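Since the structure comes first, as structure tokens, the remarks are kept for the end.
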Amino acid sequence: MDYIKRDLEEQIPVLSEKYPCVVVTGPRQAGKTTLLKGLMDEKRTYVNLEDFEERRMAKKEPVLFLQMHPLPIFIDEVQYAPELLVYIKIAVDNGAEPGTFWLASSQIFPELTSLCESSMEGVAACSLSFLSQHEMYGSGKQAPFSVHLNALVQRKRTHSPADLKDLYERIWKGAMPEYICGAAKSGKPGDWNAFYNGYLQSYIERDAGELVSLADKMQFGDFIRAAACRVGQMLNLHQIAQEVLISDDTARRWLQVLERTHLVFCLYPYQDPKLRRVIKAPKLFFFDTGLAAYLTRYASPDILMNGALSGGILENYAVAEIMKSYAADRNGCRFWYYRDKEGKEIDLILERDGWLCPLEVKRSANPEQKGIRVFSILDKASLPRERGGVLCLRADLSAFNSNDLMIPIWMI
């Protein structure tokens, strides 16, 4: 297996027929280059700014750089030359042809955000994360996750079932294309420890090192490890700072680095003036659960399944998989969680089309009905609540009642 078809694959040509510039962001080794190069035709120029000479020209002489490379063009690792984006914006605003520019970036940086926001009619921004479980184990076309019954019935046809052991193997193995494809091609699991060790070292040297001066890179590694120990939990940066022996300001800056480079994401609490006493702290998640397992030293799926982190990393997996299912959906969905000062919590809230969908994640094949009582809190919100669900370890789809479902995590 040299290549796994990505759910975003069909969207790029469609967007290129409408927008002069298509931007694909995502973490290192998510497969951005492989995806876009696979969709290129012979007319498109490819330039990788990891090449020092190309990078130097793009930074020092951006106008000359664009003149020397025929259009249409795919500029890879564009974060290395943010100076280019001013001139790309000018070209877009002056009526560049659809599909003229393809940009790929492993970082979110201010100039890229400005390009996407100031030229919304001319720029299509997409996010490519690591492989989804549908891409790795399923078939057919992926659709955004929904609690509508007809959508869930369809997912039974396109997704591959997994029992408890299989699911934790998926979580532990992770979703990085290079590791997954390499193991599949060889027919062997591969050296998981060596792969993630190499990935982490490369990340610290090439991605984080570009954004912050790291006098002690081992200490930054300790910060990432401390963050991994808290997946699925409310974020307490002061606590992490004390553990790693850094200041709160440094911890805040380093968290921003992890977010900008797509290593982690934060789920923020749902805020509504009609809902009072809501906790304001975000919850922390990793985009790749394999990396989180490596950082927390779980040496096998079985150890992870029975470890102290088993519940938090299962929630991390479920939330990340739902977000991946929306990667190719241009209509968009907003993701929240809820927790108030009385301790009532909803693990995930989807806000889409003017509705709120509450979801709980339970490490159980037979979740108790009391787990859905908290959903009624959203009845007081400004937006209406639709059917909710408990994401759990059941083998098949079931229901508590007509409004609340039991949904297997393998079906996400």
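Some values worked out for this structure:
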{"read-out": "Paramagnetic label zone (point 7 Å from Cα along Cα-to-C-beta, residue 252; backbone N under 11 Å) in region 331-357", "value": "none"}
{"read-out": "Distance violations [Cα-Cα > 27 Å] among 59/283; 5/173; 18/89", "value": "59/283"}
{"read-out": "Which of 128, 164, 267 has the fewest Cβ neighbours within 10 Å, and the rest in rising order", "value": "164, 267, 128"}
{"read-out": "Burial ordering of 333, 392, fewest other beta-carbon atoms within 10 Å first", "value": "333, 392"}
{"read-out": "Dipole axis of the chain (+1 Lys, Arg; -1 Asp, Glu on Cβ), positive-most option in 303, 103, 90", "value": "303"}
{"read-out": "Straight-distance crosslink candidates among lysines, where the alpha carbon sits under 21 Å from residue 274 and sequence neighbours closer than 8 are dropped", "value": "341, 344, 380"}
{"read-out": "Euclidean distance between Cα centres, region 295-352 to region 1-70, Å", "value": "31 Å"}
{"read-out": "Antiparallel content of DSSP bridges confined to the chain, in %, to 5", "value": "40 percent"}
{"read-out": "Spin-label model distance (nm) - residue 71 vs residue 383, 7 Å beyond Cα toward Cβ", "value": "3.8 nm"}
{"read-out": "Rg/Rg_globular for region 258-412, with Rg_globular taken as 2.2 N^0.38 Å and Rg from C-alpha atoms", "value": "1.05"}
{"read-out": "Rh by Kirkwood over Cα pairs, then Stokes-Einstein D for region 211-349 at 0.692 mPa s and 37 °C, µm²/s", "value": "204 µm²/s"}
{"read-out": "Paired Rg and Dmax values of the chain, which use every Cα atom, in angstrom", "value": "21.7, 65"}
{"read-out": "Taking 68, 406, 136 and counting other C-beta atoms within 10 Å, the order from fewest to most", "value": "68, 136, 406"}
{"read-out": "Label zone at residue 157 (point 7 Å along Cα-to-Cβ), backbone N below 20 Å, region 374-412", "value": "396-398, 408, 410-412"}
{"read-out": "Cα-projected label distance for residue 204 with residue 259, points at 7 Å along beta-carbon direction, nm", "value": "2.3 nm"}
{"read-out": "Calculated P(r) tail over 24 Å for region 11-127, as whole % of Cα pairs", "value": "14 percent"}
{"read-out": "Amide H contacts under 5 Å for residue 74, placed H, 5+ residues apart", "value": "45, 46, 47, 102"}
{"read-out": "Residues of region 47-80 with amide N under 17 Å of a point placed 7 Å along Cα→Cβ from residue 114", "value": "59-63, 78-80"}
{"read-out": "Rg and Dmax of region 64-135, Cα atoms only, in Å", "value": "13.1, 43"}
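Here, each number is a calculation from the coordinates, and none is a lab measurement. Computed from a predicted structure; not experimentally measured. Glycine also receives a Cβ, built like all others from the backbone with ideal geometry; neighbour counts cover every protein chain displayed.
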